[in-house]
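Derivation of every value follows stated rules applied to the coordinates shown; laboratory data play no part. Just so we're clear, the structure is a prediction, and the values are computed from it rather than from any experiment. As a convention, Cβ positions derive from the backbone with ideal geometry for all residues, glycine included, and neighbour counts pool all protein chains shown.
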Amino acid sequence: MNRPARALVGVFALLAAAPGCSNSTALAPAPGAETFTSSLKATAPVPVSPVNGQLLSGGTFTATPAVPQFGAIALQYRFQIFSDTGTQVLDSGPVNSPVWKTPNLTPNRALTWKVRAEFEGTPGPWSATASFQSGDPLPSFGPVGDWQHCAGLVGSSLSACVHAAVKPTNSVGDLEVVKRVAWLVRGDGAGLLIKTSGENIVLWQGYSFSASRMCFANGQLYKLISDAGPGGTNSPDFSDNGFVDPALCVPAIDPSKP
């Protein structure tokens, strides 16, 4: 073989050995190698309030803004809240500022939170986790009347009967209706729907529940409150709302529990 030919053979051998130029399976990262889960080039926000087990005031979480690495861009932020066992109970979804006001939280709970910046769906690094104590009382919805006499009713008649006893005016009152309807039909597998983002959420018994929908063990949903939440009509309803993962349906809980 002449010298130019031997040189070409050597070049092809180097290309074959180079990463990405072979059909063989890529080697797995070495144990302990760092992996990156964020791709937005920005600093992590820093939790400001509440931190270090502080009592939550006004339901408001505040962090420092993230700083993008390459010029000014309009960042959004995502907040997440976790129970004392590490279970995620709330996700804010993208919000336009490093300040977020939560839905209703059950008082006297030890919780944690964290926040990150996002840009057009691309996430940045999470902040450190901060601890706090929920302490604001749940909004009042007035005394609950005699709802036990609604037992034996079904469908819209049951929902309307319990609604008349509770008289809800906000998300907390709406959940009081849902809790009682589910309890009365618990023998049929009724339960409460876990919901961790969006509107009309109430944290109760360590779960983040939908304030307006009831579920069954097979995942079927029923909407019990229409136009739910503060400022809405909070009207009684009983309409099929499709299906959800049955794992998100918690069996009915005694509504007398705090």
Taking every Cα atom in segment 106-193, find the radius of gyration and the maximum pairwise distance Dmax, and write them in Å. 18.9, 53
Over 22 Å (Cα to Cα) among 179/257; 167/223; 41/114; 101/223; 101/179; 41/195 -> 101/223; 101/179; 41/195
Net charge of neighbours whose Cβ lies under 10 Å from the Cβ of residue 208, counting Lys and Arg as +1 and Asp and Glu as -1: 0
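What does the net charge come to around residue 167 if you take all other residues with beta carbon closer than 13 Å to its beta carbon, with K and R at +1 and D and E at -1?
Result for the neighbourhood of residue 167: -2.
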Column: log10 I(q)/I(0), Debye, Cα scatterers of segment 148-251, q = 0.11, 0.19, 0.20 Å⁻¹: -0.27, -0.84, -0.94
The answer for the net charge of residues other than residue 194 whose Cβ lies under 13 angstrom from its Cβ, with Lys and Arg +1 and Asp and Glu -1, is 0
Under the 0.36 nm per residue contour assumption, what length would be gained going from the current alpha-carbon distance of residue 62 and residue 108 to full extension? 14.6 nm
Segment 47-134 - Rg over Rh from alpha carbon coordinates, Kirkwood radius: 0.97
So, by mean Cβ neighbours within 10 angstrom, what's the order for 237-243, 248-254 with the highest one leading? 248-254, 237-243
